[in-house]
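To keep things clear, I will list the structure first and then write my remarks on it.
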Amino acid sequence: ERTTDKLDFGIPSVKAPIKFEDFDIPVEVQWENDNADHWKMREDVTVVLQKKEGANWTDQKQLTLKKDASMKGKFMDVPGDPAINYRVIQRIGNSDKVIGYAKPAYTPNNFHSNDLPTEGVIIKNRLMTTDTSFKKVGHDGSTPFTGNDKPKFTATLTEKNIVPEKDVAPT
C-alpha cells in the first residue's frame, strides 16, 4: 500500500574518522668499499625520520646508530596514514655525509606506510677511493731505489691523524 505520510530520517552531522594502524620503520646503515673500516673513517650516524608537509620535509624522530654496533635501528609507532609521505635521512654533525664517503644512497628515497619494503630503509655509504702509484727515487730525483736501500714510509690520514699503514716499502 502506498501512503502520503512522510518519514523523517536523521542526517548524520559527523563521520567517524578512519583509524590507521601505527607502524615501525627499520633502518640500516651499510658501508661499501671500505674494507671493514681499514681507514677508520666511519662515524656514528644520526638517522632522522621526516614527514613531507607541503613542499617541505619536517623532522619527526631521530635515532643515533653507533659505528661500532650493528648500525641498525627502528622508528617505533609511526602514524600509519597512507596519505603521509615519509623519508629517512642521515646526519653527521651539520652534514648528510661522512667525510671521505660519497653522498649516501637511500632505498627507498621516500615512502608511505603501505609501500615500505619489509627490510625498511637502507642507507649506503660508499668510501671514495682512487688508485695511486708512485715511484720513490734517490736525492738526485731520477735514480730508483733498489734492493735493500728501499726506504720505508708511513701512510697517514692527516685530517683525522690516523695511521692505517706503517713500514710500507715500495715495490
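The values are calculated or read from the model by the stated rules, or taken from the named source; none is laboratory data. Just so it is clear, the structure is predicted and the values come from calculations on it, not from any experiment. Virtual Cβ from ideal backbone geometry, glycine too; neighbours counted across all protein chains shown. These accessible areas exclude ligands, DNA and RNA; they are computed on the full protein's heavy atoms, side chains included. Shrake-Rupley method; radii C 1.70, N 1.55, O 1.52, S 1.80 Å.
For GLU119, are the conditions met, namely being closer than 17 Å to PRO26 by Cβ, open to solvent by 80 Å² or more (accessible area, probe 1.4 Å) and more than 11 Å from the chain's Cα centre (by Cα)? Here the answer is yes, as GLU119 does meet what is asked. Taken together, the residues in segment 131-171 that are assigned to a loop (DSSP other than H, G, I, E, B) and either modelled with pLDDT of 75 or more or not hydroxyl-bearing (Ser, Thr, Tyr) (or both) amount to 20. Taking each residue of segment 74-103 that is among the acidic types (Asp, Glu) and looking for partners that are in a loop (DSSP other than H, G, I, E, B) with beta-carbon atoms closer than 9 Å, six or more apart or interchain, yields ASP77/ASP22; ASP81/ILE18; ASP81/PHE20; ASP81/HIS112; ASP81/SER113; ASP96/LYS103; ASP96/PRO104. Among the residues of segment 1-31, the ones that are within 28 Å of GLN60 (Cα to Cα) and either in contact (Cβ under 8 Å) with a residue 12 or more places away in the chain or open to solvent by 100 Å² or more (accessible area, probe 1.4 Å) (or both) come to 15 in all.
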